[in-house]
1. Taking 37 °C and 0.692 mPa s as the conditions, I'd like the Stokes-Einstein D for the stretch 108-165 in µm²/s, using the Kirkwood hydrodynamic radius from alpha carbon pairs.
2. With both bridge residues required to lie in the chain, what share of the DSSP beta bridges run antiparallel, to the nearest 5%?
3. Please report the Cα spread of the chain along all three principal axes, rounded to whole Å, starting with the longest.
4. Can you give the translational diffusion coefficient of the stretch 298-374 in µm²/s, computed by Stokes-Einstein from the Kirkwood radius over Cα pairs at 37 °C and 0.692 mPa s?
5. Does the stretch 48-126 come out rounded, prolate or oblate, given a ≥ b ≥ c as the square roots of the eigenvalues of its C-alpha gyration tensor, rounded meaning a/c under 1.5 and, failing that, prolate meaning a/b above b/c?
6. In terms of modelled amide H atoms, which long-range or inter-chain residues lie less than 5 Å from the amide H of Glu48?
7. Going by Cα centres, the stretch 11-27 and the stretch 153-221 are how many Å apart?
8. With a ≥ b ≥ c the root eigenvalues of the C-alpha gyration tensor of the stretch 255-317, is it rounded (a/c under 1.5), prolate (a/b larger than b/c) or oblate?
Amino acid sequence: MIRLERVVLREIRLPLKEPFRISSGVVEDRRILLLELHTSDGVRSWSECVAGEKPNYSPETIDTAWLALHAWLAPKLLGELLEGPADAHARMESDVRGHRMAKAALEMGLWGLLAEQEGVSLAQLLGGTQERIPVGVSLGIQATPEALVERAAAAAAAGYHKIKLKIEPGREIAFVAAVRDALPDAELMVDANNAYTLEDAGVLVQLDDFDLMMIEQPLESEDLVRHAELQRRLRTPLCLDESITSVNRLEDMLRLGSGRIVNIKPGRVGGFTSSLAIHDMARANDVPVWCGGMLESGVGRAYNVALASLPGFTLPGDVSPSARYWARDIVTPEWTMDANGMVTVPRDVPGLGVQVDEDRIDDLTVRTEVLRAD
Ligand code: OSB
Ligand code: MG
């Protein structure tokens, strides 16, 4: 049982070391929404909302999430005696449609609180079994194939287990060919973030030549039937990201044959309750899953690392170390990757497993709102 007494919303600004470009836009300075959750008996935890600056990945943004949390979601939970995160998830689902990233920030924050309250790590609370997670990197779209090869070669040398190349129409074949040429043995994949249509199948079929682990989300998020048609024409497995917003969408994928791998981002699916259901169904159907990333700060990364320790996460996750993104993260110790390309799952510390640097957060905060039960 848990009673939320107060939730503090904060927006911080955190500049990326280098701009990150996907098919639908570029981000240079992250605007990150952090939540500080307080129970009525003085337990505290932090969580992160992964909504972006613009609605170019999903319809949500940091601003819509702030509104949803303030107006509809926090009021459903504050002051109530909650059985736990699954209860909170059900209450938020009952009459608020969508806004999954906003819901996830609260629901995951409750997992963080429970871990603190019970004195266990997040990974233990979730039932994680893996002590170390193989790490993948996601490389943004570059101006030239040469620039991409340079970054991919550096990533391979650093020990990353999977190198994901962002692609878009016109910037795929030559780019992927150049990287494959330079790194004949690397585990490579591509991610299109919805940029293609079935009319482009001719180009996408050419990607079969590069021995890719998977092609992530080539078509629009609602195009499960069209992904199935595309999958029938490809040897390379399709991996769905944006399309999988709930366990029911995974069931659709399985029935239709829309893909063979799933990228689970807990923020995209409304939190850990939903992530666990997706993980369990995927595992029961021998569908490999891996943990995606949304350029999170060290707070969101703690939740991703914990989730990725579950047994069905059999492929490297986009859980790159702090230094890949930021000059300085907001947690200590920062997230690191060892020389074998692994991140260690914190087990011996209760809660997130890292200290949140609250002074630094204060310095970076541009907007705050305290939400209480009325
Ligand atoms: O599609 O996986 C994606 C970042 C922002 C929006 C969408 C995506 C991504 C990434 C980054 O690929 C992965 C990371 O956090 O390292
Ligand atoms: Mg993706």
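1. Values: Rh = 14.2 Å.
Here the translational diffusion coefficient equals 232 µm²/s.
2. On the way: 35 of 56 bridges.
DSSP beta bridges in the chain are roughly 60 percent antiparallel.
3. In descending order, the Cα extents are 59, 41, 36 Å.
4. Values: Rh = 14.2 Å.
Rounded, D is 231 µm²/s.
5. Numbers: a/c = 2.38, a/b = 1.48, b/c = 1.61.
Cα axes put the stretch 48-126 in the oblate bin.
6. Answer set, sorted by chain and number: Leu35.
7. Distance between centres, Cα-based: 21 Å.
8. Values: a/c = 1.86, a/b = 1.78, b/c = 1.04.
In terms of gyration-tensor shape, prolate.
All of the numbers you see were taken from the coordinates with simple rules; none came from a lab. Predicted model, so just to flag it, every value in this text is computed and none were measured. Counting neighbours? That spans all protein chains shown, and the Cβs are built from the backbone with ideal geometry, glycine included.
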